[in-house]
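One structure below.
The values are calculated or read from the model by the stated rules, or taken from the named source; none is laboratory data. These numbers were taken from a predicted model, which means no experiment stands behind them. With ideal geometry, Cβ positions are generated from the backbone for all residues, glycine too; neighbour counts draw on all protein chains shown.
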Amino acid sequence: MKILFGRVIGNRYEIMEKLGGGGMAIVYKAKDRLLSRAVTVKILREQFAGDREVVRRFQQEAQAVARLSHPNIVSIYDVGQEQDLYYLVMEYIEGKTLKEIIQEKGRLEPQEAVEYALQLCDALQHAHESNIIHRDIKPQNILITGRGQAKVTDFGIAKAVTNATMTYSGSSIIGTVQYISPEQAKGDMATVHTDIYSAGIVLYEMLTGRLPFEGDTAIGIAIKHIQAECPLPSTLVPDFPPELELVITKAMAKRPQERFASANDMKRALEQAMDRLTLPLGQTQVLPRVTGDRPREEIRTKNRTTGKKPKVLNWVLLALSLLLVFSGALYYGFQRYLAVKEVPVPDVTNLPVTEAERILLAEGLEWEIGSSRYDDQVPKNYVLNQKPSPGEMIKQTRAVILDVSLGPNLGKVPDVIGLTQREARVEIQNAGFQVADEIIEQYTDLIGEGYVFAQDPLPNKEVPLGSQVTLTGSLGPQPRYIDMPNLIGKDLQEAKRILEEHYLEPGEVNNEVSYEYFSGQVISQDVLPGEQILQKSTVNLTVSLGPGPASKRATVQVWVQDDGKQHRIRVVIIDQTGEHEEYNAVHDSNDFISIEVPYYGKGQALVYEDDVLIKETTLQ
């Protein structure tokens, strides 16, 4: 799309400079000549301007959003069309995008991040109350003014190009996949919960400086939104506030009904979290002093005067005492040795080792591990077998030998998402697993037909070797009714390419002699151009065998403008053979040009003066 700076659009908006561009539109700074103020002009890209359905939705949604009036939403002033340009005129904001701020700071402090999130919630609540869903909330669409005011842009416009931006080329998705909700990734209808999920991701990125889901391909990231668990912020940032982690976790729940019911609810949760984070420190309480002082009892000992006893008597008494102690110990040990108690061995199979130990010790029995081995049925650290067997009578001095389970022999399930079904089957079997006989198939925009869209268990999950892996295969996008494209006059190969682009199947190809169309060109199609047709349907074509139309000639005349300057004049013919230039030369001011040009069938003669179209003539 070529926009000349200084061009005036709508007889009012003068293009001043290019601000940027996205997948949907190119953004310019312009001057509103009527009100003498700066505005932002967003022009729909050429590939969308040619799609009537996209243009209709673009204009419809823009007009709806133009009725929104909120301090945290970028205002839309005007919606218009000039020739093949479709444009919006919006409030011009001096500031940075939230994405730029995150990139500069790495991550934001909780108070700053929550302040922006609160303003985002206000904007979403206002739009949702007007039945408008954004569908593309991301830091790039949030502008921050110099005073810290957040302004959300592109409200509701995403709906106009949902079908265009959420498409795939080969294995790549086009669109802002890092912020889409699981329901968007699956092609389901967007609701207010969709915006809340994306707002949760924005808060996550502000507080951690990272995105929750990243990958090498857009498809892989989209599938993570559907299946993978989000890494908790506390695993990325030390001392992450648990109150804010709870808000993020709820906003980013996989199931829409488990998220906040409204943007207002999310706002209240954020305010409560910040209230708990910013409570003043409690004063130090002075507790009553507890002392260890207490009246001391006077302990008095009487000094008794005793007479001296003979030393011989003391030694005799000591010897008798030792003899008695030794004799008692010897007798006790001998009796214990001769009369060890016998007890029945308790049954500890299929119990945790810790529980088995408690039961055996309660019976006065020792235990030790005999062997360990893998077992698919018995959990890890549970008793497989025991010796002696349960119920057998043994002396309490004997140990019970336990065989302990190592649990199932686990392996990591390979990641087969994005592979063909045949490739996935080989990968799974080589890893020691089985593929379920029935492969689930469903429509999806995420990946092309015949490729694996999802798997259960998830990639890299540890499960017992030999387990079954269930695959979900893609049937491609959900078929929908579209306008039948016009293939008449197209070469057969080009016609087939157009059918494939519209998810239509080429059918039978018949041949006929034609004096109107050249050999190899489509003469007719069994579904007329513009008629509604369901995708995946078959279209039959009739193709010319020639000889085709005879050459015709026409005279093209034009005056060069009288301004005292030289100008380049070009004459371009568009006919059944395609587009070709028949004349290209520089002429003086006020020259009269008359040339004869050849053409086939019906066509048009386009005259350009310095690459500006100045005349168009229909050739019959």
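Only one residue in A25, A38 is small (G, A, S) and modelled with pLDDT of 90 or more. Which one? I'd like the intermediate steps shown before the answer.
On the way: A25 fails: modelled with pLDDT of 90 or more.
Exactly one residue qualifies, and that residue is A38.
Scan K29, K99, K18 and give me the residue that is among the charged types (D, E, K, R) and not in a strand (DSSP E or B).
Working: K29 fails: not in a strand (DSSP E or B); K18 fails: not in a strand (DSSP E or B).
Answer to the check: K99.
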Anything in region 187-216 that is among the charged types (D, E, K, R), modelled with pLDDT of 85 or more and surrounded by fewer than 21 Cβ atoms within 10 Å (Cβ to Cβ)? List them, or say none. R210, E214
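Before we move on, is L124 part of a helix (DSSP H, G or I), in contact with an Asp or Glu (Cβ under 8 Å, 6 or more places away or on another chain), modelled with pLDDT of 95 or more and within 30 Å of R480 (Cβ to Cβ)? Don't jump to the end; show me each part of the working.
Working: part of a helix (DSSP H, G or I): yes; in contact with an Asp or Glu (Cβ under 8 Å, 6 or more places away or on another chain): yes; modelled with pLDDT of 95 or more: yes; within 30 Å of R480 (Cβ to Cβ): yes.
For L124, the condition - part of a helix (DSSP H, G or I), in contact with an Asp or Glu (Cβ under 8 Å, 6 or more places away or on another chain), modelled with pLDDT of 95 or more and within 30 Å of R480 (Cβ to Cβ) - is met.
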Condition first: surrounded by 19 or more Cβ atoms within 10 Å (Cβ to Cβ), under 16 Å from A62 (Cα atoms) and out of contact with any Leu (no Cβ under 7 Å at 6 or more places or on another chain). Can you find one or more residues in region 111-120 that meet it? no
Can you tell me which condition K99 does not meet? The list is (1) touching a Pro at 6+ places or on another chain (Cβ under 6 Å); (2) modelled with pLDDT under 90, and all the others hold. (2)
Any hit, region 149-157, residues being part of a helix (DSSP H, G or I), buried (at least 23 other Cβ atoms within 10 Å of the Cβ) and either touching a residue at least 60 places away in the same chain (Cβ under 8 Å) or not basic (K, R) (or both): yes
State which residue is surrounded by the most Cβ atoms within 10 Å (Cβ to Cβ) when the search covers only region 36-57 and only residues that are assigned to a helix (DSSP H, G or I) and of a type in the set (D, E). E53
Step by step: first the residues of region 74-95, then only those that are assigned to a strand (DSSP E or B) and aromatic (F, W, Y), then the one that is farthest from the chain's Cα centre (by Cα). Which residue is that? Y77
Given (1) among the small types (G, A, S); (2) at negative phi; (3) at pLDDT below 90, index of the condition S405 fails: (3)
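Based on this model, can you work out whether A66 counts as free of Cβ contacts under 8 Å to residues at least 24 places away in the same chain and crowded, with 17+ Cβ neighbours inside 10 Å? So that I can check it myself, show each step before the final result.
Values: free of Cβ contacts under 8 Å to residues at least 24 places away in the same chain: yes; crowded, with 17+ Cβ neighbours inside 10 Å: yes.
Considered against the rule, which asks whether it is free of Cβ contacts under 8 Å to residues at least 24 places away in the same chain and crowded, with 17+ Cβ neighbours inside 10 Å, A66 comes out as yes.
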Looking for something closer than 16 Å to E94 by Cα, surrounded by fewer than 14 Cβ atoms within 10 Å (Cβ to Cβ) and not polar (S, T, N, Q) - is there at least one such residue anywhere in region 8-15? no
Going through A49, A113, A127 one at a time, which residue ends up being within 19 Å of V192 (Cα to Cα) and in contact (Cβ under 8 Å) with a residue 24 or more places away in the chain? A127
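Matching residues to (1) among the hydrophobic types (A, V, I, L, M, F, W, C); (2) within 30 Å of P479 (Cα to Cα):
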| position | (1), (2) |
| --- | --- |
| S519 | no, no |
| L528 | yes, yes |
| A550 | yes, no |
| D563 | no, no |
| G578 | no, no |
| E596 | no, no |
| E609 | no, no |
| L613 | yes, no |
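One line per residue, one yes/no per condition, for (1) under 27 Å from K490 (Cβ atoms); (2) in contact with a Phe, Trp or Tyr (Cβ under 9 Å, 6 or more places away or on another chain); (3) not charged (D, E, K, R):
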position: H567; (1), (2), (3): no, no, yes
position: I573; (1), (2), (3): yes, yes, yes
position: E579; (1), (2), (3): yes, no, no
position: Y600; (1), (2), (3): yes, yes, yes
position: T618; (1), (2), (3): yes, no, yes
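Please enumerate the residues belonging to region 20-42 that are closer than 22 Å to N141 by Cβ and more than 27 Å from the chain's Cα centre (by Cα).
Going residue by residue through region 20-42, those that are closer than 22 Å to N141 by Cβ are 20-30, 38-42.
The answer is Y28, K29, A30, A38, V39, T40, V41.
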